[in-house]
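J.: Quick one: the structure is below, questions incoming.
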Amino acid sequence: MDVMSLLLLVAGSAAVSAAARRTPVPAPLLVVAAGLAVSYVPGVPVYTLDPHIVLPLILPPLLYTAAIDSSYLGLRAQLRPIALLSVGYVLFATFVVGWALYLLVPGLSLTAALVFGAVVAPPDAVAATAVARRVGLPSRITTILQGESLLNDATAITAFRVALAAAVGEGATWAGGIGEFLLAAFGGLVFGLVLMIPLHWLRTHVKEALLQNTLSLLIPFVAYAAAEQVHASGVIAVVVVALCLGHRAWEVDFATRLQEGAVWKMVAFVLEAAVFALIGLQLPIVLRGLGEYAGAEAVWYALAVFAVVVVARFVWVYPGALLPPLLSARIREREGSPGWKPPFVIAWAGMRGVVSLAIAFSIPLSAGGTDFPQRNLLLFLTFTTVIGTLVVQGLTLPPLIRLLKIPGRDIQAETLAEANAQAQASRAAEQRLEELLSDERNALPAPLADRLRTVLERRRNAVWERLGQANPVTGESVDDTYRRLSREMISAERDVFVRLRDARYLDDEMLRTLLRRLDLEEAAAYRETA
């Protein structure tokens, strides 16, 4: 892929993803559809999905952005269902899908079929979280899906390596496979915890925001590559580091947090768009190598595999959700009965993604001096499974949630909790302010001291005002009106600064200083809505 092809991929996928935000269709699905359509346009470059690029260079930052925005405490609270899905379900799907394909395709060895089972076993982190955010799932379901998708890649990659070793005749054994999995899992966990210590020290002692963000961009690649060098799971190492650093992000300088949030949002947006475009663009490559399986036979295999993948998830999810409360009084008291609707949503939200395709493309061309058995068919089935789950499940998940009347996030309760927390913090800040002002070394003119009190009162009241009645004319809350007027005032100031710069009264350096001050004030006046 040359530079121009790469630029076209990034620009095109970003444009489609941005346009998707104006439609009810989740962005990943629209980008995949665009990739499928563009793949047959004459003159479009051939984009080959290279596993040597995807796994070490694209997967780590995607995992890092998803994990650093996740809740460590929330994931820990849902550790049991997450472990059942990210480990138990992936291994279950590997064997069930592999065995089904072995029975379905004549002449396919069981080890090669298990290779395919490991390839399509893990649901995709990006697709799951993107759809969950879009449809506003309850926080518990979202946390479970996020936790599963963050950790299941490690299980799938390890299972793939073991099955591949058996398929190519390297003498893999069940005991060896279990040992490799334990080494990868616990090695990645320990490596991530150890690596987090110096990384967090650097983040709290390096005060330059630009250096901090440079370090932040390097962290996922360093964690992944270093863990893989010692045969630990790079996936788990990245996730552990990100969760720990995100949990202690409050200890980092505010300028770093502001810049880091913006930088990683941009990185995640570009990578997610490019990844889903790459999925769609693989269609010509996969079909070209299909060979003897082209036609109705290939379609039959694809439909059968898709059905097995979907059904196998239901077969695992329902016992995993319903049995623990029945068997344990403690779990029943703490969590209650989940009912049948939340497990149905979790089972249906099993979209596959780029990791499955990247692993599939890493299947070697030959094994033991001969061609790898039915490699092209396995690539085709991986592609159709990924596209099928993204399109069928991704498109139907939002209406399914509406049909089942799954309650979304309780915005009123969340706002009330936010208001109570802000009230407690404001009381502590007010007490601290009065202590400081009582010291003659901190003497301030009365207007400035009152301004500090006013800012504090404004912060305390802003959240409560969101719970109040809306303006009968505009429908805005008091807080919304305040922010809108504040923005208009800042915009008026900004226009004056620019006009003075154009009149050569201010130079560009002074303009940037003044605009940054206004930007910070505007950022402080507005809570994040995206």
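The values are calculated or read from the model by the stated rules, or taken from the named source; none is laboratory data. Please read all numbers here as calculations on a predicted model, not as lab measurements. Cβ sites come from the backbone with ideal geometry, for glycine too, and all protein chains shown count toward neighbours. Accessible surface areas use protein heavy atoms only, side chains included; no ligands, DNA or RNA. Shrake-Rupley method; radii C 1.70, N 1.55, O 1.52, S 1.80 Å.
J.: Please enumerate the residues belonging to the range 103-123 that are in a helix (DSSP H, G or I) and touching a residue at least 12 places away in the same chain (Cβ under 8 Å).
T.: Passing the criteria: Leu104, Leu110, Thr111, Ala112, Ala113, Leu114, Val115, Phe116, Gly117, Ala118, Val119, Val120.
J.: Something else now. Just name the residue that is most open to solvent (accessible area, probe 1.4 Å) out of those in the range 357-385 that are at pLDDT 90 or above and of a type in the set (Ser, Thr, Tyr).
T.: Checking each candidate, the answer is Thr384.
J.: Restricting the search to the range 388-406, which residues are open to solvent by 10 Å² or more (accessible area, probe 1.4 Å), touching a helix residue (DSSP H, G or I) at 6+ places or on another chain (Cβ under 7 Å) and in a helix (DSSP H, G or I)?
T.: Gly388, Val391, Leu395, Pro398, Leu400, Ile401, Leu404
J.: For residues that are hydrophobic (A, V, I, L, M, F, W, C) and assigned to a loop (DSSP other than H, G, I, E, B), scanning just the range 474-509, find the one that is modelled with the highest pLDDT.
T.: Ala503
J.: Something else about it: I'm trying to understand the selection: among the residues of the range 407-443, which are open to solvent by 40 Å² or more (accessible area, probe 1.4 Å) and either in contact with a strand residue (DSSP E or B) (Cβ under 6 Å, 6 or more places away or on another chain) or among the hydroxyl-bearing types (Ser, Thr, Tyr) (or both)?
T.: Ser438
J.: Can you find, within the range 45-70, the residue that is modelled with the lowest pLDDT among those that are open to solvent by less than 60 Å² (accessible area, probe 1.4 Å) and of a type in the set (S, T, N, Q)?
T.: Here the residue is Ser70.
J.: Of the residues in the range 233-270, how many are β-branched (Val, Ile, Thr) and over 16 Å from the mean Cα position of the chain (by Cα)?
T.: Number of matching residues: 2.
J.: Then there is this: Name the single residue, out of those in the range 1-13 being under 16 Å from Glu272 (Cβ atoms) and open to solvent by less than 20 Å² (accessible area, probe 1.4 Å), that is farthest from the chain's Cα centre (by Cα).
T.: Leu9
J.: Need pairs with beta-carbon distance below 6 Å; first residue without any contact (Cβ under 8 Å) to a residue 60 or more places away in the chain and more than 19 Å from Phe92 (Cβ to Cβ) and within the range 317-328, second open to solvent by less than 60 Å² (accessible area, probe 1.4 Å) and not aromatic (Phe, Trp, Tyr); sequence gap 6+ or separate chains.
T.: Hits for this filter: Pro325/Ile331.
J.: Another question, if that's okay. Of the numbered conditions (1) in a helix (DSSP H, G or I); (2) open to solvent by less than 10 Å² (accessible area, probe 1.4 Å); (3) modelled with pLDDT of 90 or more, Trp99 satisfies every one except a single condition; which is it?
T.: The single condition Trp99 does not satisfy is (2).
J.: Another one. Pull out all pairs, ordered by first then second residue, where Cβ-Cβ is under 7 Å, the residues are six or more apart or on different chains, the first lies in the range 291-312 and is over 11 Å from Val105 (Cα atoms) and acidic (Asp, Glu), and the second is open to solvent by 20 Å² or more (accessible area, probe 1.4 Å) and modelled with pLDDT under 90.
T.: Cβ pairs passing all conditions: none.
J.: Can you tell me which residue in the range 20-29 is surrounded by the most Cβ atoms within 10 Å (Cβ to Cβ), limited to those that are free of Cβ contacts under 8 Å to residues at least 60 places away in the same chain and out of contact with any Leu (no Cβ under 6 Å at 6 or more places or on another chain)?
T.: Per the criteria, the residue is Arg21.
J.: Let me ask something additional. Under the condition of being assigned to a loop (DSSP other than H, G, I, E, B) and aliphatic (A, V, I, L, M), which residue from the range 20-64 is nearest to the chain's Cα centre (by Cα)?
T.: The qualifying residue nearest to the chain's Cα centre (by Cα) is Val25.
J.: Related question: Any idea which residue in the range 336-353 is nearest to Lys405 (Cα to Cα), counting only those that are open to solvent by 10 Å² or more (accessible area, probe 1.4 Å) and not in a loop (DSSP other than H, G, I, E, B)?
T.: Here the residue is Lys341.
J.: Would you mind listing the helices (runs of 4 or more DSSP H) fully within the range 213-305 where at least 3 residues are open to solvent by less than 20 Å² (accessible area, probe 1.4 Å) and under 30 Å from Leu377 (Cα atoms)?
T.: Qualifying helices (runs of 4 or more DSSP H): 254-281.
J.: Could you list, ordered by first residue, the pairs with Cβ atoms under 6 Å in which the first is in the range 65-88 and in a helix (DSSP H, G or I) and the second is among the aromatic types (Phe, Trp, Tyr) and surrounded by fewer than 20 Cβ atoms within 10 Å (Cβ to Cβ), at least 6 apart or interchain?
T.: Thr65/Trp264
J.: Of the residues Arg512, Arg427, which single one is at pLDDT 80 or above, within 38 Å of the chain's Cα centre (by Cα) and over 29 Å from Ala262 (Cα atoms)?
T.: The unique qualifying residue is Arg427.
J.: For the range 30-44, which residues satisfy the criterion of being within 12 Å of Val391 (Cα to Cα) and crowded, with 22+ Cβ neighbours inside 10 Å?
T.: Across the range 30-44, the qualifying residues are Val31, Val32.
J.: Exactly one of these conditions fails for Phe181: (1) open to solvent by 50 Å² or more (accessible area, probe 1.4 Å); (2) of a type in the set (Phe, Trp, Tyr); (3) modelled with pLDDT under 90. Give me its number.
T.: (1)
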